[in-house]
Amino acid sequence: MSSKALDYESLNENVKKVAYAVRGELYLRASELQKEGKKIIFTNVGNPHALGQKPLTFPRQVVALCQAPFLLDDPNLGLLFPGDAIARAKHYLSLALGGLGAYSDSRGLPGIRKEVADFIARRDGYPSDPELIFLTDGASKGVMQMLKAIIRNQKDGILVPVPQYPLYSASISLNGGSLVPYYLEESANWGLDVNNLRQSVLQARAKGINVRAMVIINPGNPTGQCLSEANLREIVEFCFTENLVLLADEVYQQNIYQDERPFISARKVLLGMGPPISKEVQLVSFHTVSKGYWGECGQRGGYFEMTNLPSQTVDEIYKVASISLSPNVPGKIFLGLMVNPPKPGDISYLKFELESKAILNSLRRRAHIMTDGFNSCRNVVCNFTEGAMYSFPQICLPPKAIEAAKKARKVPDVFYCLKLLEATGISTVPGSGFGQKEGNVCSSYVFHLRTTILPAEEDMPEIMASFKKFNDEFMEQYEDHKGYSRM
C-alpha cells in the first residue's frame, strides 16, 4: 500500500530539516517534569509575563475597552478607567470599522501604521512612509514573510550571525534556502568583524551559493551585545558593496542595560550615510510588542518597515500578506500604544513611566546578577548582557563529561542542560541550538547555554545559587584532577 501524503515518509523534506532548539528536547522534558509536579523555571524563552512580569496598566485598560465596547456606555465608566484610556479606546474603535472582530487591511489598520511611521521618524530623524509599513502577528511572521520573498531555491543563501536565533535557521530550511553563517567574536564581547563577513561570502560562493541577504540581530539574541554605530556603518557599506538586502531584527531595541552603547537603528545609520548608499541598500527592519518593557508575547503584535524596495516588490509582498486576510487587530492596538504611549501631561503618564522604568531598571540589575553569578562558577565564563533578555555563558566541560554524554547518546551541552534541569528545575537552551564556531580554542570541550534574565529579581539570587551548586558538583563529578585543569 502506498504511503499517504501525511505519512512521515511522504512529508515535505524541508519540514523534516527544521529544528527549533528553543522549544526542543529540553523544553519537552521540562514540560514532562512539570506535569509530574516538579517546579520548573522556564528560562528557555524570552516570555516575560510567564515569569511573573506584570502587564503595563494603560495598554491593558485601552484594549479592555476596545474588546468590550459596551463598557463605554456604562455611566460609571469614569470611575473605572482614566479619561485618556477611554479616549484612546474610542480612537482605535473609530479606526477599526466593525470593531476588533472584523478583518482589517492585510497590512494592518492604516491609522496604526501612521502611528508606527511617526514613531520611526521621531526615533531616526527621517520621515517614514506608512505605506511601506506592514503590521504582522509578531515580528517572527514578518521575518518569515520576507525570507519567503527572498529565497527562490537551495542555492540562495542568507548570511546569519552565529550564534543565531533559531527562527532564522528554521525559516531558511523551511523555504529551501541555505544558511550562510558569519561568526561573532566571543572574546570581543560577541562583536562583529567585517573580515569574517567577507570570508563567509567567499566560502559560500565557492560552493555555488548566491548570497542574497544579511541578517543582523541588534541587540543580539542569544548573545546580548549591542552594535556600535561604527559597526553598523561597516555592515551597511558591506551590503552596498555585495548587493545584499539587510534584514535588521531590532526587537530588543528598548532592552539596553548599559549607557556606553545605546541602540541605534540600521535605518538611521543607512539614511545618514547619504547617496548613493542611502538610496541603494535595501533594508527591512522588524520590531514587536513582545519584548522591551511590554513583554506582550501572547498578543502577537509586530511590524516591518521597508526601505528602498521597488513599488512592484511592495505590491507582491502585499499580495502574499493578503492570503492571510489580516493580522490580528488587538495585537495591532498594543503596537499602536507601544509606539504612541502616554505623554507628559496625560492622566496616565506618571503611572506608565513608573511601571516602565521599574521594569527596565530591574532588568538591568538582573543582567548584572546573572552575569556575576555565572562568572563565579567553575569552568564558566560569561560576557555581560549589554541588551536583549539573555545570558549566553561559555561552559568548559571535562573530557569525562564528554564521554558520559556519548554513552547517553547526547550532545555534550544537551547532556549538561538535561542534568541541570533534573537537578534544579532550571530549563535552559543548549548552545548547540544556536550554532558553535568551529575551530574554537579547546573546541572539543567548550560549549554554551542560553538562559533568559527574566526570572523575578527577588528569585534571582536563589536561582544563581542553585545553578552554582549544580555546576560545582557536576565539575567535581566529571573532572579528572590528574589530567584536566580548571579554567
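Miscellaneous remarks
- Considering G108, G83, G99, G78, the condition of being surrounded by fewer than 15 Cβ atoms within 10 Å (Cβ to Cβ), small (G, A, S) and in contact with a Leu (Cβ under 8 Å, 6 or more places away or on another chain) is satisfied by G99 alone.
- Qualifying residue in segment 411-434 (condition: out of contact with any Cys (no Cβ under 8 Å at 6 or more places or on another chain) and free of Cβ contacts under 8 Å to residues at least 12 places away in the same chain): no
- Residue-level check: of (1) part of a loop (DSSP other than H, G, I, E, B); (2) modelled with pLDDT of 95 or more, L350 misses just (1).
- Odd one out for T241, checked against (1) open to solvent by 50 Å² or more (accessible area, probe 1.4 Å); (2) at pLDDT 95 or above; (3) in a loop (DSSP other than H, G, I, E, B): (3)
- Entry remark, segment 125-161: residues being touching a residue at least 24 places away in the same chain (Cβ under 8 Å), among the acidic types (D, E) and open to solvent by 10 Å² or more (accessible area, probe 1.4 Å) number 2 in total.
- Of the helices (runs of 4 or more DSSP H) contained entirely in segment 6-73, those carrying at least 2 residues that are open to solvent by less than 60 Å² (accessible area, probe 1.4 Å), in contact (Cβ under 8 Å) with a residue 12 or more places away in the chain and not small (G, A, S) fall at 25-35, 57-67.
- Taken together, the residues in segment 74-115 that are under 28 Å from L132 (Cα atoms), outside any loop (DSSP other than H, G, I, E, B) and among the charged types (D, E, K, R) amount to 5.
- Selected residue [buried (at least 20 other Cβ atoms within 10 Å of the Cβ) and not basic (K, R)] from V314, V320, V269: V269
- Some residue of segment 167-174 being at pLDDT below 95 and open to solvent by 40 Å² or more (accessible area, probe 1.4 Å): yes
- Taking the criterion of being touching a strand residue (DSSP E or B) at 6+ places or on another chain (Cβ under 8 Å), part of a loop (DSSP other than H, G, I, E, B) and of a type in the set (F, W, Y), the only residue of segment 372-410 that qualifies is F392.
- Residue pairs meeting the criteria (Cβ under 8 Å; at least 6 apart or on separate chains; first open to solvent by 30 Å² or more (accessible area, probe 1.4 Å), in segment 279-305; second among the aromatic types (F, W, Y)): E280/F240; Q299/F334
- Residues in segment 123-154 that are basic (K, R) and either more than 21 Å from the chain's Cα centre (by Cα) or at pLDDT 95 or above (or both): R123, R152.
- Within segment 192-234, considering residues that are under 22 Å from F434 (Cα atoms) and among the basic types (K, R), the one modelled with the highest pLDDT: R212
- Yes/no for G191 being closer than 30 Å to H91 by Cα and not polar (S, T, N, Q): no
- Meets criteria (out of contact with any Ser or Thr (no Cβ under 9 Å at 6 or more places or on another chain), under 26 Å from G138 (Cα atoms) and surrounded by 23 or more Cβ atoms within 10 Å (Cβ to Cβ)) for G220: yes
The values are calculated or read from the model by the stated rules, or taken from the named source; none is laboratory data. Just so you know, these numbers come straight off a predicted model, no measurement behind them. So basically every Cβ, Gly included, is an ideal-geometry build from the backbone, and we count neighbours across all protein chains shown. Heads up: the accessible areas ignore ligands, DNA and RNA and are worked out on the full protein's heavy atoms, side chains in. Shrake-Rupley method; radii C 1.70, N 1.55, O 1.52, S 1.80 Å.
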